[in-house]
1. How tilted is helix 293-313 with respect to the longest principal axis of the chain? Cα atoms for both, answer in degrees (0 to 90, nearest 10).
2. Dipole magnitude of the range 102-284 about its Cα centre, charges +1 at Lys/Arg Cβ and -1 at Asp/Glu Cβ only, in debye to the nearest 20?
3. With springs connecting C-alpha atoms under 10 Å apart, model the chain as a Gaussian network and identify which of E39, E189, E225 has the largest mean-square fluctuation.
4. Between rounded, prolate and oblate, where does the chain land on the alpha carbon gyration tensor, with a ≥ b ≥ c its root eigenvalues, rounded for a/c under 1.5, else prolate if a/b exceeds b/c?
5. May I ask for the equivalent-ellipsoid semi-axes of the range 102-284, computed as the square root of five times each C-alpha gyration tensor eigenvalue and listed largest first in whole Å?
6. So which residue, out of L127, L277, L40, gets the largest mean-square fluctuation from a GNM of the chain using Cα contacts under 10 Å as springs?
7. Pull up the DSSP beta bridges for the range 102-284 and report the antiparallel fraction as a percent, rounded to 5.
8. Toward the positive end of the charge dipole of the range 102-284, about the Cα centre and with charges on Cβ (Lys, Arg +1; Asp, Glu -1), which of G154, V174, T102 goes farthest?
Amino acid sequence: MKKPAILVARAIFPETLAHLSQHFEVDSNQADDVLSAAELTQRLQGKVGALTTGSERIDSALLQANPQLKIVANMAVGFNNFDVPAMTAAGVLASNTPDVLTETTADFGFALVMATARRVTESEHFLRAGKWTKWSYDMFAGAEVHGSTMGIIGMGRIGQGIARRGALGFGMKVIYHNRSQLSPQLEAECKASYVSKEELLKTADHVVLVVPYSAESHHTIGAKELGLMKPTATLVNIARGGIVDDAALAKALAARQIAAAGLDVFEGEPALNPELLKVPNVVLTPHIASSTIQTRLAMAQLAADNLIAYLTKGSALTPLNQPQAKA
Ligand code: GLV
C-alpha cells in the first residue's frame, strides 16, 4: 500500500527523517531553503501532513489551496505562525512541542539575564577589539544578579523555570505578572509573588518576558513601559519578536533610560532593527533559547510523533485544536 505523503518544511535531524519515513513518503527540504508562502503552498500539494517551524505561516489561503491537508505539526512551543481558528475550520489539526524545551529555554533565559546584567558580550567585544590595556576600578561594572528583584511577565512553564532558578539558585526576590495568578502551591514552589504589570516594571531590577505572542501581547513593552523601569534595570526578551517595541527599546538603550537588554527574538526576524546594532548595551542572540542538540532533537521527534499518531491512529500527542470534520 502506498504510504501517505508528508512535507518536512525545513531541514531536520536524519534520525527524525528516518522515523517519519517508516510511516510516510517524506518530501524533506534538507536544503533548508526558507519557502515563500507560494512555494510552501505548492510544495504541500498532495501532502496530508506537514512538519513546520516557526518560519512557515499556515493561513486560510494556504489551507484552501490544500484541502487534502490533515495536520500541521509545529516544531516549536509557540504557534503564532498558525492561524488556529482557520485550521480548525478547515479540519486541520495543529500541534506544538510543549514541555520538552521548558528547562533548556529557562536555562537560556537565565543565561541572558546574567550576560545582560554582567555585560558579558559588551566586555568581550572590547577585549576582542584590543582595547583592554589596564585594570580599572569600574570597568564594565554591571548590575547585581544575586539578591536582586526579578520580574517575570508571562508565568507559564518557562517563566516558572526561570523563577525557580532565580529564587532557589540566586536568592532573588521574584515577582511576576500573568493573565491569571498561579495557584498558591505553584507560587510557593516558585517563591514568586503576583503583582500588577506597573508595579513589576517600577520595582524589578531584571525584567524577563516569556509571554506568548498574540494581538493582546503585541508591544507589551513600549516607550511608556520602558519609562516606568528603573534606570539601572535590565530587560530580557526570550518570548517572541513583537512583544517589545524594538524601535522604542533601541532609543531607551541609547539614552540609558534603562541599563541594558538581552534579546533572543526580534520584530521581523531574522531582520532586526538596525538601531539595535548601534547600541553597546544589548546582548543579541539569533533565537536560540531552545537550542541544545538534545532539546532540538526532542522537539523534532515530538513533532514527528504528532504526525505519526494523528495520521495512523487519529489522535495527536500535543494538539492545539479539535478540528472540525473535513467538508
Ligand atoms: C521557540 O521560539 C519556540 O516557540 O519553541
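1. 30 degrees
2. Result for the range 102-284 is approximately 400 debye, rounded to the nearest 20.
3. Greatest mean-square fluctuation among the candidates belongs to E39.
4. Prolate.
5. 26, 19, 14
6. Of L127, L277, L40, the Gaussian network model singles out L127 as fluctuating most.
7. Close to 0 percent.
8. It is V174.
The values are calculated or read from the model by the stated rules, or taken from the named source; none is laboratory data. Values in this document were obtained by computation on a predicted structure and should not be read as measured data. All Cβ positions, glycine included, derive from the backbone under ideal geometry; neighbour counts span all protein chains shown. Heavy atoms of the whole protein, side chains included, go into the accessibility calculation; ligands, DNA and RNA do not. Shrake-Rupley method; radii C 1.70, N 1.55, O 1.52, S 1.80 Å.
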